[in-house]
Amino acid sequence: MGCSLPSGGRNLLNPRFDHESCGVGFVATLYGRSEHEILRLTLTALGRLAHRGAIAADGKSSDGVGIQTAVPCDYLLTQSKLFLRPGQPLAVGMLFFPQHEDQAQRDAQRFKAAIYAQGFEWLGWRDVPIAREVLGEIALACLPVIRMGLMTTAEDFTGDPNELERRLFKARKAFERGGTTTYVCSLSTRTLVYKALCTGRTLRDFYLDLQNPQYTTHFAVFHQRYATNVLPTWDRAQPLRMVAHNGEINTVWSNRAQVDARSSLLPRECDPLFTRDASDSMSLDEVAELLCSYDRNIAEAVRMMLPPAVGTKESAFHRYHADIMEPWDGPSALVFTDGKLVGAALDRNGLRPCRFVITDTGLVVAGSEVGLADVDPNTIIRSGRLGPGQMILLDLERSRLIEGAELDRYFDDLAPFWEQFDDVQLDPSPAPVTSVEKDELSRLQRGFGYAYEELRMLVAPMATESKEAVWSMGDDTPIAPLARAPRPSTASSGSASRRSRIRLSIPCARPAWFHCVRVWDRGRTCSTSMRRFPALHFLRRSSRSGRRPRCIRAPIRCGKSFRWRT
């Protein structure tokens, strides 16, 4: 669905370097009243983010804009002339089909088959009403066929609503495994995405649904895309299925590899884990959706992927998940929703803006700018901005605003995380430390790949000042086979393209255990977690195998050795 260049064309662009910098935000009401006014405020805010996007030479095509709302069930049923019994849920899929009619028909049949396979009842297709004249020449040339798929359960559903979302997730993954150029923008009973390659001010004119006052919602996420070095396409416009992202993920290569490394232990129904040639934002969204499709909510998934920097107060949630999910480091600002929760978060670098206001009527507006929505200043009871690693969360079902210390308690209370650890204390050994001859020490350092710079910049500050070496200027050290100076291949196995914390390595008692060593409290405490079958913890809060991670905690001090305490 590319516009500027054909998807298979020869060019100098490499999808590995695809990053985005955008404007993002949300409008929501804490009291759960669905109103068209929420949609109107959202479209107004989106139109005021034009300076955070880009417009093509035709004056109408953009890098992409979009909104995500609650599913307007009454409106869609009325427009489609359908009727559902009380208790029957309505699931809606927004799809971008290819322009080629035969291929679109084949994909439509395959999509319906995937829906039927998960036990849903098909209600029909709805051609989304659009105004083609709103689009510019570039966007119009690659305009997909935009259709909605409407479906419900065969019988009145009284089970867990999350199970419906999980079945829809499985249906979409099965559809994608068959190989397709059709893109599923959203498929849910809770959320619906409208996005296009037009400007923010004209999105309402392009999608006629958004003009109808019967279209009501109690929250809406908006996004104006600015593609720094990636081609604009209809599918890459945001919001994505759960996340709207401003910034870039500088660790995305490593993050993708670490998730792929778990693929052999994940259920087949999760494939494909990543969309081929996807941007960093799409990969972030796909992992968040994967986590939410099992035992986690969207806020929990985002917190796992964008943890705050380690502070003086240890959190059970972060301690438990530190070796389950590696940080997706930006700079990034995220707005996220799963239809029950909506919120915004900054990564621990805190280099993207996110400001919010709260009114006495329960209206919450958050975004990249101040003054995006028309809010009466006399009604504002609180305003603020997010700092590094901070999050603001709205529980739409319980009319609850969560932030600050209450947010930490919210995550810690999701499960008994402290009970998931077996602590083993390492005590200083009474035996004196034997010194090593200088020549022998140099031989060992060379054997393990230590360079003079590492000893001076990493080891010395940790040993003498208890300081952790942190930098973010990248790592251009060549791999061992290409290095000018000989060194063992294991010396660079832990290197990352962006280092934001120290990773040590220790021998494991059993190779099958998954382990991670982290430096906490400014280098003064070392915490090691070892897990059996880490993929089970990756998808769920606790392993059903009954095995608990073993945490080994010990102080790091110069001039002392340690022994195992039995």
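For beta carbons closer than 9 Å, sequence separation of 6+ or different chains, a first residue in the range 434-454 that is surrounded by fewer than 14 Cβ atoms within 10 Å (Cβ to Cβ) and a second that is hydrophobic (A, V, I, L, M, F, W, C) and in a loop (DSSP other than H, G, I, E, B), the qualifying pairs are Leu444/Val436.
Does Thr228 count as over 22 Å from Thr182 (Cβ atoms) and surrounded by 19 or more Cβ atoms within 10 Å (Cβ to Cβ)? No; evaluated as a whole, the condition is false for this residue. If you scan the range 232-290, which residues turn out to be hydrophobic (A, V, I, L, M, F, W, C) and part of a loop (DSSP other than H, G, I, E, B)? Of everything in the range 232-290, those that are hydrophobic (A, V, I, L, M, F, W, C) and part of a loop (DSSP other than H, G, I, E, B) turn out to be Trp234, Ala237, Leu240, Met242, Ile249, Ala261, Leu266, Leu273, Phe274, Ala278. Take the residues of the range 276-305 that are under 25 Å from Thr181 (Cβ atoms) and free of Cβ contacts under 8 Å to residues at least 60 places away in the same chain: which is surrounded by the fewest Cβ atoms within 10 Å (Cβ to Cβ)? Step by step, filter the range 276-305, then rank; the result is Arg276. Within the range 198-212, the set of residues being in a loop (DSSP other than H, G, I, E, B) and in contact with a Lys or Arg (Cβ under 9 Å, 6 or more places away or on another chain) comprises Cys198, Thr199. Tell me which residues, restricted to the range 177-197, are in a loop (DSSP other than H, G, I, E, B) and β-branched (Val, Ile, Thr). Hits for the range 177-197 are Thr180, Thr181, Thr182, Thr189. The strands (runs of 3 or more DSSP E) falling completely within the range 343-462 that include 1 or more residues that are closer than 26 Å to Leu539 by Cα map to 391-395, 400-403, 422-428. Screening Gly200 with (1) of a type outside the set (Ser, Thr, Tyr); (2) touching a Phe, Trp or Tyr at 6+ places or on another chain (Cβ under 9 Å); (3) modelled with pLDDT of 95 or more gives one miss only, at (3).
Taken over the range 132-191, residues that are among the basic types (Lys, Arg), within 23 Å of Asp277 (Cβ to Cβ) and at pLDDT 95 or above amount to 2. Of the strands (runs of 3 or more DSSP E) contained entirely in the range 78-176, those carrying at least 3 residues that are within 30 Å of Pro232 (Cβ to Cβ) and touching a residue at least 24 places away in the same chain (Cβ under 8 Å) fall at 91-97, 145-153. Being within 26 Å of Phe206 (Cβ to Cβ), crowded, with 16+ Cβ neighbours inside 10 Å and of a type outside the set (D, E, K, R) is the requirement here; does Pro144 meet it? When the stated conditions are applied, Pro144 passes them. Suppose the filter is outside the structural domain of Leu306 (by TED's automatic domain parsing), hydrophobic (A, V, I, L, M, F, W, C) and either closer than 24 Å to Arg319 by Cα or modelled with pLDDT under 90 (or both); does Leu393 pass it? Judged against the criteria, Leu393 is not a match.
The values are calculated or read from the model by the stated rules, or taken from the named source; none is laboratory data. Note that the coordinates shown come from a computational prediction; the quantities given were computed from them, not determined experimentally. Neighbour counts are summed over all protein chains in view; Cβ atoms, including those assigned to glycine, are modelled from backbone coordinates with ideal geometry.
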